[in-house]
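Heads up, the thing below is written out as structure tokens.
Quick note: the coordinates plus some simple rules give every number you see, no bench work behind them. Given the structure is predicted, the values throughout are model-derived calculations rather than measurements. Glycine gets a Cβ as well: all are built from the backbone with ideal geometry, and neighbour counts include every protein chain shown.
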Amino acid sequence: MAEWKKKGNASTVEDVIQENCGLSADELLNPKPVDSRAIKGMDEMAALIKEAIDKRQRVTVIGDYDADGITSSAILHQTLAYLGKPPVVKLPRRMSDGYGLSAQMVNEISSGLVITVDNGISAIDEVATLRAKGVDVCILDHHLPTKDEFGGNVLPQANVIVNPHVDPEYSDAYAFRHYCGAGLSYKLAELLVTDQKLLDRAAVLAAIGTVADVSPLIGDNRAIVKKGIELIRKDASVIPALSALNELAGIYLFNEESIGYKIGPILNAGGRMEDDGAKYGFWIMATAKDSLEMRNMASMLFQMNEERKTLMAEWETKIERIVVDECLYGNFPVCVYADIPEGIVGPLAGRLAEDMKAPAIILTNSSGEPGIIKGSGRTYGKADIRELIRPLDSLLTRVGGHSSAIGLSLKASDLEEFLNSAAGLGGFDSEPDETAWYDLEIDGKGSTIKELERTCQKYAPFGEGNPKPVFMARNVVLSPRYGQHYKVMGSDGSHLKLHGDGFDVVAFGKAGEFTGEMGEPHVVDLIGTISKNRFQFKDTLQIQATDLAVSKNTSRQTDSPLMAALAARNAVFAK
């Protein structure tokens, strides 16, 4: 069992939240939206778009196949349609085209204006080819640029670039630098659109993209996500497809968690399971009409996500075996090569990074491009995976991403050298910290949990940059329901639900431990976060436990009237 330790010096929930995110209570409760004109290049980009529309030029939007790329492309489509010029939207085929603006896309464009969103900052040659044809190019991106041998930025020769990460003088003092593609698209829409209903749709789409892309929920991102969640709770018809997805996914309370764990993965599923599957998510997000076709497509995406989950589970087990058999661990990033479906290498890399507690790269030979190996990398802790692999850039035919996640391609002939070089990057402790950290110790009474949940909700949304407070409670007395003080859940029986005093405790992957070595205790200690679970319009307080232990103070069983009655009955029978 991990050692439990308190983090920081905070003594109240409010202090914990402010200490964890580095923001004041006012910044958390009343985030100030950034004026779109304060974002460098945004005014210039808006002017170029208006000019293209006035000249009746063809406008092409090049997006991405993930949830951020889908929602940002939907925002631009709705914005340009409002201005009277619906764009041609091209989302790359994951297996055939790869990430971003491809040579094939460039060959299909001969005139007009191209807007890349959630990509483009690394497309040096592709943009040069477009500009040579006389095509104007706007880049709306948040990924890190290519570097030269001296560490300087190498930027495409676009007409306008809006990317907070390319200008060393770009400061939070006069704007904000943590937008995702959808957030930037929304800020652009604010300069081009006056219709409030359309801007409301754009805000909801930007909220989904921001949370799904794990962007920091601080500053203007926080303002965007709060606004988007409030809008959809007030009127689900703002984005008709969300009503259908909420029903399919069993979402009764729309918040940042339902976006991150349900809506985002469903939107991502199309591009992961089919080469050209991103178009389904784009279509249902871009349409403003509730129709049978839209609902059928939403249902199809939901089923794709269920298939993805099954495929992920199968390959996670296989990857575990590869790592163990080939000893791919130690004082270096974990790098695995196998015949893995390309659409799931990214999330698999994320799982592997969490399991091994080190940055992880997964490469696959099923890319569909002869002689090309593709892969994805995910970071762990504070490591910057893009900077980590920069010494290997000369071996790569393509690379893009940011500090947390990357995508890459290389020639099959360079695979062995890449694997050997990756193993020598080093810099990671092979003995991970097994400490379970918590922010605040609390008592396990229902009244306390209720009050804490109410306080936490004041400071929502939580996520990247504003993590939920982690609580530790000792001597939590479990109260039997229907004759049992716990319930085993999940298709494989690996998850656990415990019944507390006016609240539930959910512990994923802990059922075997609880019923086995812990011996099904009636009093437990736990570490976890507090939330409110809504099912069929009934709210239940819930602790999501990350660690459990048998309480040493078993005398507290009598704190529960029902447990006291059972104890008295058992004492009578014992005589």
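Taking other Cβ atoms within 10 Å as a rough exposure proxy, C335, C180 sort from fewest to most as C335, C180. The label point for L415 and the one for D235, both projected 7 Å from the Cα toward the Cβ, are 5.4 nm apart. Here the spin labels are modelled as points 7 Å beyond Cα on the Cα-Cβ line, and at K197 and S394 they lie 5.9 nm apart. From its DSSP helices (H runs of at least four residues, each -39,500 (n - 2.57)), the chain gives a residue-normalised ellipticity at 222 nm of -12000 deg cm²/dmol. Here the label points at E3 and E369, each 7 Å from Cα along the C-beta direction, are separated by 4.8 nm in the simple model.
Tell me, W283, W4 in order of fewest to most beta-carbon neighbours within 10 Å?
Details: W283 20, W4 17.
Taking fewest neighbouring Cβ atoms as first place, the list is W4, W283.
Remark on F332: its backbone amide H falls under 5 Å from those of F428, a criterion applied only to residues 5 or more positions apart or on other chains, H modelled at 1.01 Å from N.
At 0.36 nm per residue, minus the direct Cα-Cα distance, what do K450 and R534 gain on full extension? Give it in nm, one decimal, please. Numbers along the way, then the final one.
Details: separation 84, 0.36 × 84 = 30.24 nm, distance 1.43 nm.
Contour length minus the Cα-Cα distance gives 28.8 nm.
If you take the beta carbon distance between I124 and M312 as r and set R0 to 35 Å, what does 1/(1 + (r/R0)^6) give as a FRET efficiency, to the nearest 0.05? Efficiency at R0 = 35 Å is approximately 0.55.
Close amide H contacts of V114 (hydrogens built in the peptide plane, cut-off under 5 Å, sequence separation of 5 or more or a different chain): T60, D136, V137, C138. Values of log10 I(q)/I(0) for the chain across q = 0.06 Å⁻¹ run -0.33, by the Debye formula with one identical scatterer at each alpha carbon and no solvent. Given their separation in residues at 0.36 nm each and the Cα-Cα distance between them, S494 and K32 gain 162.0 nm when the chain is fully extended. Each residue of the stretch 67-72 was assigned a 3J(HN,Hα) from its phi angle through the Karplus expression (A = 6.51, B = -1.76, C = 1.60, θ = phi - 60°), giving 4, 5, x, 5, 5, 5 Hz with x at Gly and Pro. With θ taken as phi - 60° and the Karplus curve 6.51 cos²θ - 1.76 cosθ + 1.60 applied, the whole-hertz 3J(HN,Hα) list for the stretch 340-356 is 9, x, 4, x, 10, 5, x, x, 5, 4, x, 4, 5, 4, 5, 5, 8 Hz, x standing for glycine and proline.
Net charge dipole, the stretch 31-305: roughly 620 debye, given to the nearest 20, about the Cα centre with Cβ charges of +1 for Lys and Arg and -1 for Asp and Glu.
When K450, K510 are sorted by how many other C-beta atoms sit within 10 angstrom of their C-beta, beginning with the fewest, the order is K450, K510. Hey, what angle do you get for helix 240-249 against the long axis of the chain, alpha-carbon based, 0 to 90 degrees rounded to 10? Taking Cα atoms only, the helix is inclined about 40 degrees.
Our coupling estimate for the stretch 51-63, obtained by passing each phi through the Karplus curve with A = 6.51, B = -1.76, C = 1.60 and θ = phi - 60°, is 5, 4, 5, 4, 8, 6, 7, 5, 10, 10, 9, 9, x Hz, Gly and Pro reported as x.
Calculated on the alpha-carbon coordinates, the convex hull of the stretch 327-423 measures out at 88 cubic angstrom per residue. The calculated FRET efficiency for L292 paired with K552, based on their beta-carbon distance and R0 = 56 Å, is about 0.40.
Restricting the count to DSSP beta bridges whose residues both fall in the stretch 327-423, what percent are antiparallel, rounded to a multiple of 5?
Working: 17 of 22 bridges.
So the antiparallel bridges amount to about 75 percent of the total.
Under 8 Å for C-alpha pairs, at least 6 residues apart: give me the relative contact order for the chain, rounded to a whole percent. With pairs under 8 Å counted, the relative contact order is 13 percent. Among the trypsin sites (Lys or Arg not before Pro) in the stretch 363-408, which ones are in a DSSP loop with at most 11 other Cβ atoms within 10 Å of the Cβ? Mind listing them? Counting only loop positions with at most 11 other Cβ atoms within 10 Å, the trypsin sites (Lys or Arg not before Pro) in the stretch 363-408 are K382. What separates the Cα centres of the stretch 1-43 and the stretch 275-332 is a distance of 31 Å. The distance separating the Cα centre of the stretch 174-216 from that of the stretch 54-80 comes to 13 Å. Straight-distance candidates among the aspartates and glutamates for linking to K458, with alpha-carbon spacing under 15 Å and chain neighbours fewer than 8 residues away dropped: E14, D15, D26, E27, E230, E256. Averaging over all projection directions, the Cα-based convex hull of the stretch 31-305 occupies 13.9 nm² in the image plane. Measuring r between the beta carbons of S110 and D339 and using R0 = 45 Å, the FRET efficiency lands at 0.70.
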